[in-house]
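Following: one structure in C-alpha cells, then a few remarks.
The values are calculated or read from the model by the stated rules, or taken from the named source; none is laboratory data. The shown structure was predicted, so the numbers you read here are calculated from the model rather than taken from an experiment. In this analysis, Cβ positions are derived from the backbone assuming ideal geometry, glycine residues included, and neighbour counts consider all displayed protein chains.
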Protein chains: 2
Amino acid sequence: MVLKDLCRGGVSPPFTFNRNARSNIMRNLKLTVEYDGTNYCGWQKQKNSLSIQQLIEDNLSKILDHKVNLKATGRTDAGVHAKQQIVNLFTSSNIPLRNLKKAINSVLPDDIAVKNIKQVSNDFDAQYSPKTKIYRYSIYTGKNKMVFDRKYVAHYPVSLDINAIRHGAKYIIGKHDFSCFRSSNSPTKTSVRTVKKIDIKVKGDYLFIDIEADGFLYNMVRIIVGTLLEVGRGKRNPSSMKELIESKKRTLAGQTAKAHGLCLLRVKY
Amino acid sequence: MVLKDLCRGGVSPPFTFNRNARSNIMRNLKLTVEYDGTNYCGWQKQKNSLSIQQLIEDNLSKILDHKVNLKATGRTDAGVHAKQQIVNLFTSSNIPLRNLKKAINSVLPDDIAVKNIKQVSNDFDAQYSPKTKIYRYSIYTGKNKMVFDRKYVAHYPVSLDINAIRHGAKYIIGKHDFSCFRSSNSPTKTSVRTVKKIDIKVKGDYLFIDIEADGFLYNMVRIIVGTLLEVGRGKRNPSSMKELIESKKRTLAGQTAKAHGLCLLRVKY
C-alpha cells in the first residue's frame, strides 16, 4: 500500500518518504490535536462506537507502519470538543515531522486536526506531565434560537446573576474533595483535586466559564457549571457552595450541563 | 391536526391559538431569518433539492393553514449562509406574532432560525424595498487545518498583500457594468450595479471582505473575492481591476471563491 491510498479522493500528498525507514532510536512525539466532538463517542476508545483516539491511532498506525498507542491529557466525553488536546506516542519511524503532520491531516476527517507535532524528551507523558488543564464551558443566555454556535455553545435562555455566580465559584477554588461534582460511575480512586482558577467572562449574551485545575473528575466541569447556573438563577445561595463541597454528596449538586458546551481549551506545563 | 403535531419530539409549545381564526385584513409580515446553508441547495426552491425557502414555506403553510409564498432579499446559493436574510409574506391569519415565531422555530431544523417577525406596511417587499445589502466573505490564511470554522470560512493558506487587495477593491466601488463579475448563467437583464462600500478587515490569520451594494449579480461577490485574492497573491496588479471592469469579460476575472465562505450579513433600508 502506498501513502496516497490513505488520502481521501486519491489526491497524492505533496511529499514522499520511505515508509520502511526505521531507526534504532525511539522518538517520543507530542501532538496537539483540535476536534469538534459532535460526531464522536468521546476521546477514548470504545467498542462499537467511533472515538477520536481510535481514528487517530488507526491512521497513524498505517502511516508509521507499526501499532500506535496514544496517551492523552483529557478524556473528553461524547460531544465534548478540544481546542488543545495533547497526546503522545513512541515511534521508531524516521518520517520527518512535517510530513507526518501533512499525512495524518490528509486522512483524518475534517472535524479533527493535528495542529502541531514535535519531538519531546522520553519522560514526557501527555497524561501525567501537564501541571494544569483549562476547560471552557460556553453558554448563550439570549432568547433566540442559535444557528452558527449550536454545536459549541449551550443554550440557557435565562437571566443570570453573574455576581452571584462569581461569588459561588470562589468556594470551588483550592484543594478539595470534589465528590459532590463527580458522576457516580467515575472510576478514579481519589476525588481530591486542586482548582487553581475559575474565570467567568460575559460578552453580550454569552457567558464563558473557564476552570483550571490539576485534574478533573468524571463530569466535574459539567456538574460545577450546572450548579453555578442554579446559583445564577437564584435557586441556590452562592455561599451554599461551601456546604455542598463539604457534604461530598453528588445528589446535592446541580444537574450535569450539556456536553456540547464544553471544550478542552488549554494544557499548561 | 393540532399544532403540537408540528413540533419535533411531540413536545407541546407553551401556547395555543385557534388555527382557523381569520381576519379580513391581510397582514404583511417581515421575517428576519438566519441559516447555516451547508446542507441546502440554497435559498430558492428547486426541484429534487432541499432549499431553505421550501422548508420555511412548507412549515409556515401548515401553521398558518394557507399557502405561503415568501419573497426574499438575497437568493443565496448552495452552501452560502445568512446572518440576516429578510423575507416577507402576506397572511390572513390572526396568530399573534410571538406565537408564530415560537411555532415556526420549533418545527424548523436547528440550522435555520427565525430571529424576528414583525408586521410591516403592505408596500414592503423583501426583494425590492432594501436599499443595500452587505455580504461578508471570510477567509483563513493560516497553514493549519481548520476545525471549528470549517463550514463558514474559506481556507486560503497563502501570504496575502492586504494593501494591494485594498487598493484593487477601490476600483470596484461605484456604479459599473459588472459583467466581468457575473457567472455566465446569470438570469438578470442588466449587469449595472452600484457598490457602495468594500470593507476589508484583518484579524490575526483571518480576512473578512464585506461588500455593500444595491444589488448583486449571480456569483458576483465570490468572483470579486476570487479576483481580489489573485491581487493579494501578486498575480494581478491592483490597478488592473479598472481595465477588467471595463472589459466586461468574465473570462478575464479570477476564479469563483468557494460558497461556504460567503454570508448574507445585513440588509439596509
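Checked against (1) touching a helix residue (DSSP H, G or I) at 6+ places or on another chain (Cβ under 9 Å); (2) modelled with pLDDT under 95; (3) crowded, with 19+ Cβ neighbours inside 10 Å, A:GLY74 passes all but condition (1). Right, B:ARG136: modelled with pLDDT of 95 or more, closer than 28 Å to B:TYR40 by Cβ and in a loop (DSSP other than H, G, I, E, B) or not? Considered against the rule, which asks whether it is modelled with pLDDT of 95 or more, closer than 28 Å to B:TYR40 by Cβ and in a loop (DSSP other than H, G, I, E, B), B:ARG136 comes out as no. A search for C-beta distances below 6 Å between a residue of region A:234-253 that is assigned by TED's automatic domain parsing to the domain that holds A:LYS175 and within 20 Å of A:ASN163 (Cα to Cα) and any residue that is part of a helix (DSSP H, G or I) and small (Gly, Ala, Ser), counting only pairs 6+ apart in sequence or on different chains, returns A:PRO238/A:ALA164; A:PRO238/A:GLY168; A:MET241/A:GLY168.
Residues in region B:113-145 that are touching a Phe, Trp or Tyr at 6+ places or on another chain (Cβ under 7 Å), among the polar types (S, T, N, Q) and either away from every other protein chain (no Cβ under 14 Å) or over 25 Å from B:ALA213 (Cα atoms) (or both): 2 in all.
So which pairs qualify, if the first residue must be in region A:103-127 and within 16 Å of A:GLN53 (Cα to Cα) and not assigned by TED's automatic domain parsing to the domain that holds A:ASP214, the second must be in a loop (DSSP other than H, G, I, E, B) and aliphatic (A, V, I, L, M), the Cβ gap must be under 8 Å, and the two must be at least 6 apart or on different chains? Pairs found: A:ASP110/B:VAL147; A:ASP111/B:VAL147; A:ILE112/B:VAL147; A:ALA113/B:MET146; A:ALA113/B:VAL147; A:VAL114/A:LEU108; A:ALA126/A:LEU70. Entry remark, region B:78-97: residues being over 21 Å from B:LYS67 (Cα atoms) and either among the basic types (Lys, Arg) or surrounded by fewer than 20 Cβ atoms within 10 Å (Cβ to Cβ) (or both) number 4 in total. Applying the criterion of being in contact with a helix residue (DSSP H, G or I) (Cβ under 9 Å, 6 or more places away or on another chain), within 21 Å of A:CYS263 (Cβ to Cβ) and among the charged types (D, E, K, R) to the residues of region A:146-165, the residue that is farthest from the other protein chains (Cβ to nearest Cβ) is A:LYS151.
Of all residues in region B:113-133, those satisfying the criterion of being hydrophobic (A, V, I, L, M, F, W, C) and assigned to a strand (DSSP E or B) are B:ALA113, B:VAL114, B:ILE117, B:VAL120.
Return a yes/no flag: does region B:154-161 have any residue that is among the polar types (S, T, N, Q), over 23 Å from the mean Cα position of the chain (by Cα) and over 21 Å from B:ILE52 (Cα atoms).
We begin by selecting, within region B:154-161, every residue among the polar types (S, T, N, Q); these are B:159.
Still in the list and also over 23 Å from the mean Cα position of the chain (by Cα): B:159.
Of the ones still in play, those that are also over 21 Å from B:ILE52 (Cα atoms) are B:159.
Yes; the residues of region B:154-161 include at least one that is among the polar types (S, T, N, Q), over 23 Å from the mean Cα position of the chain (by Cα) and over 21 Å from B:ILE52 (Cα atoms).
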